[in-house]
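Peer 1: One structure, as structure tokens, below. Some questions next.
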Amino acid sequence: MPVHNVHPLGNPNISPPDLLFQLGLLLQVEISIPQSLASVLTAASQPMPPVVVGSALVDTGATCCCVEEARLQQLNLQPIGQVPMSGAAGPRIQNSYQARLTFPGAPIPPLEIQVVWVQMHQGQTLCLIGRDVLRYCVLIYNGPQGSYTIAF
């Protein structure tokens, strides 16, 4: 089982536990079109949309993975369905998409999963990693040390 230990880096004037508290459980993520769509585009000599790069926030309160709306639009993906969601704005129906997530620098395998688009407006945080992914891993939050471990 590959293990990824994370010690957030940032302001050296902030203790590791406070830094983890402020930043949360962040992973670098690359979001792209599914491999099946990439194969079709390649066979048709069509250009592929560029990979979307940013941070993913591990969110144990999220049922499923969610991606910032504007970032999914950059990939020109078509909805594959709709799912009921609830959040601060109340219940609503959101479009879902098939996407490929990879985690550079982490031993987490690439994932081709259904994601839901959301409006996050959180700068470089473009994705929430929900319980649909976390159900396959071991996650240890070490608050006193200011680190976390995720293993798949």
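FYI, it's all coordinate maths here, none of it is from the lab. All figures in this text were calculated on a predicted structure; none of them were measured in a lab. Ideal geometry is used to build each Cβ from the backbone, glycine not excepted, and the neighbour counts take in all protein chains shown.
Peer 1: By its C-alpha gyration tensor, with a ≥ b ≥ c as the square roots of the eigenvalues, how is the stretch 69-152 shaped: rounded for a/c under 1.5, else prolate for a/b larger than b/c, else oblate?
Peer 2: It comes out prolate by the Cα gyration axes.
Peer 1: Using Cβ contacts closer than 10 Å as the measure, can you line up F103, F21 from fewest to most?
Peer 2: F21, F103
Peer 1: For each of Y148, Y136, count neighbouring Cβ atoms within 10 Å of the residue's Cβ, then give the residues from fewest to most.
Peer 2: Final ranking by Cβ density, sparse to dense: Y136, Y148.
Peer 1: Something else now. In the chain, with Lys and Arg counted as +1 and Asp and Glu as -1 at Cβ, which of these residues, L126, I31, M85, has the Cα nearest the positive end of the dipole, that is, farthest along it?
Peer 2: M85
Peer 1: What value, in deg cm²/dmol to 500, does the helix sum -39500 (n - 2.57) over DSSP H runs of n ≥ 4 give at 222 nm once divided by the residues of the chain?
Peer 2: -4500 deg cm²/dmol
Peer 1: Another question, if that's okay. Indicate, rounded to the nearest 5 percent, the antiparallel portion of the DSSP beta bridges found entirely in the stretch 3-151.
Peer 2: 80 percent
Peer 1: Also, quick follow-up: Compute, for the chain, the length of the dipole vector about the Cα centre, with Cβ point charges of +1 (Lys, Arg) and -1 (Asp, Glu) only. Units Debye, rounded to 20.
Peer 2: For the chain, the charge dipole is close to 160 debye.
Peer 1: Can you give me the relative contact order of the stretch 3-151 as a percent, contacts being Cα pairs under 8 Å and 6 or more apart?
Peer 2: 34 percent
Peer 1: Say R0 is 41 Å: what FRET efficiency, to the nearest 0.05, do T149 and N13 get from their beta-carbon distance?
Peer 2: After rounding to 0.05, the efficiency reads 0.95.
Peer 1: If Rh is defined by the Kirkwood formula over all Cα pairs and Rg also comes from Cα, what ratio Rg/Rh do you get for the stretch 3-151?
Peer 2: Over the Cα atoms of the stretch 3-151, Rg/Rh equals 0.99.
Peer 1: If you project the alpha carbons of the stretch 1-46 onto their three principal axes, what span does each projection cover, largest first, in Å?
Peer 2: Taking the Cα atoms of the stretch 1-46, the three principal extents are 53, 26, 13 Å.
Peer 1: Now, a different point. Please report the spacing between the Cα centers of the stretch 50-65 and the stretch 73-100 in Å, no decimals.
Peer 2: 13 Å
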